[in-house]
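Values in this text are rule-based calculations from the coordinates and carry no lab data. All values reported here derive from a predicted model rather than from experimental measurement. All Cβ positions, even for glycine, are placed from backbone atoms using ideal geometry, and neighbour counts span all protein chains on display.
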Amino acid sequence: MSLQRMSHNEWLSKFNLHLTNAGYACGTRKNYLPRVGEFLAFLQRQHIGLSSVRPIDVDRYLQHALRRFRSRYGRCPADVRWWRSAYATPVDFFLRFARGQWPPNPRPATAAERFRRQLCEDYVRWMLDVRGLSPQTVSDRCQEVRRFMAWLGERADRAGIAALSVSDIDRYLKHRATSQCRSSMRTVVNWMRPLLRWLHTAGLIDRDLSITVVAPSGYALEGIPSALRQEDVEKVLVAARQDHTAQGIRDYAILMLLARYGMRAGEIAALRLDDIDWRKEVIRVVHAKTGVTSHLPLLPDVGDAILRYLQETRPAVSCREIFIRQPAPHQPFKNGASLYTLVRERLDAAGVMTPGKRGPHAFRHARAVSMLRARVPLKEIGDVLGHRSTDSTMSYLKLATEDLRAIALDVPSGVWA
């Protein structure tokens, strides 16, 4: 059915089913549906089709609802901001459900705005169709494009882009460097180079400025990755295992995958029901960074943790991803970044305070160290972690500091000046 052909009752019934399937509580549904019904009645009186609704129409509805409140109670709400949120939230939620996107992207008001939007759309199409980049990479690079356009300001039009010079790029990178560390600036440069190369290929600038962009120096194996001690890993697992709530059971299964396999957060978020063969006791991992697929033995304690989650607390949803958000709406994690808060909260709950990063990767590094100390060959460690080459695995050698001290040579006497 189209937006225009569905009746209000049909929309309300469909919206109620959506809320139910997404796991929203009965009280939430009872609160949302009347608000949405009032909004649909307002649109009908104003002869506004659902596909034509604009943000200003929602504002007019809220003003209308506020006048009705004053007329009924003879006063304004005690907290107008809270009242407005209570009315606007269900309407915005419904419009996202019905329209797919809300609020809509504003239409470009000037020729320069139309040019910038078209430039971004063409660049996205090139990255997806020609370069074959992942949607997440495309999204990250587009953010840098928008920052660059905002920095150009009024010059961000066809003439301004055509007049770009090396000094302009240098000034922009200096501007970005004020809020970025050296490694982050390398990423910024790596995002700017393909943009400048594409601008030249598309005929928007006469010269390929990408060859003039120099990244900050980086040195192989210069940093020491953040890692948890094995005793801290076990402490977090013990604390999570004692949490018998629905969220605790889910989090414990996720932490077991981090601790026992060293999986990346994105790999856990993307893990599907089909990836576990319970009969053969094998788990399939598609490594996000390399695209390599590993078939690993399903360890008994990991399998028990996942099975308990699936049988006892996983919401009854149709999606095939294993791990689902606990609060409504019940849907898969958007990406691996969604697990960072989960891990930090579990570290805090266990009283584990460590220097450096406190995200899922700290478990990955800890797993690498434990395998190194168990004398597992580098090739096998790389296979478990999903590395394409041993060079990637070599960086973890720096984490086994106690083992390195044991084989260190004494400094010969008389070498100091």
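Observations on the model:
- For segment 45-153, the Cα-based Rg and Dmax, in that order, read 19.9, 63 Å.
- The chain: equivalent-ellipsoid semi-axes (sqrt of 5 x gyration tensor eigenvalues, Cα, Å): 46, 35, 20
- Nonlocal amide H pairs with Val282, under 5 Å, H built at 1.01 Å: Asp277, Leu298
- Neighbour-count order for Ser184, Ser318, Ser217, fewest beta carbons within 10 angstrom listed first: Ser318, Ser217, Ser184
- Span from the segment 116-165 Cα centroid across to the segment 345-372 one, whole angstrom: 37
- Eligible aspartates and glutamates near Lys334 by straight Cα distance, threshold 17 Å, same-chain separation 8 or greater: Asp140, Asp251, Glu267, Glu321
- Remark: Trp151, Trp82 ranked as Trp82, Trp151, counting other beta-carbon atoms within 10 Å and listing the fewest first.
- 27 Å Cα-Cα reach of Lys174 towards lysines, excluding residues that sit fewer than 8 places from it in its own chain: Lys357
- The alpha carbons of segment 219-352 stretch over 47, 35, 29 Å along the principal axes, in descending order.
- Per the Cα gyration tensor, segment 8-99 maps to an equivalent ellipsoid with semi-axes of 22, 17, 11 Å, ordered largest to smallest.
- Alpha-carbon Rg/Rh ratio, for segment 154-272, with Rh computed the Kirkwood way: 1.22
- Counting only Cβ charges, +1 for Lys and Arg and -1 for Asp and Glu, the dipole size of the chain around its Cα centre is about 1580 debye.
- Most mobile listed residue (Arg72, Arg229, Arg99) in the chain, GNM with C-alpha springs under 10 Å: Arg72
- At R0 = 60 Å, FRET efficiency that the Cβ-Cβ distance of Ser183 and Thr20 yields, to 0.05: 0.80
- Summed over all non-identical Cα pairs, the Kirkwood treatment of segment 111-212 gives a radius of 13.9 Å.
- Long-range HN-HN contacts of Gly23 with modeled amide H, under 5 Å: His330
- Residues Phe69, Phe39, Phe115 in ascending order of nearby Cβ atoms (within 10 Å, fewest first): Phe69, Phe115, Phe39.
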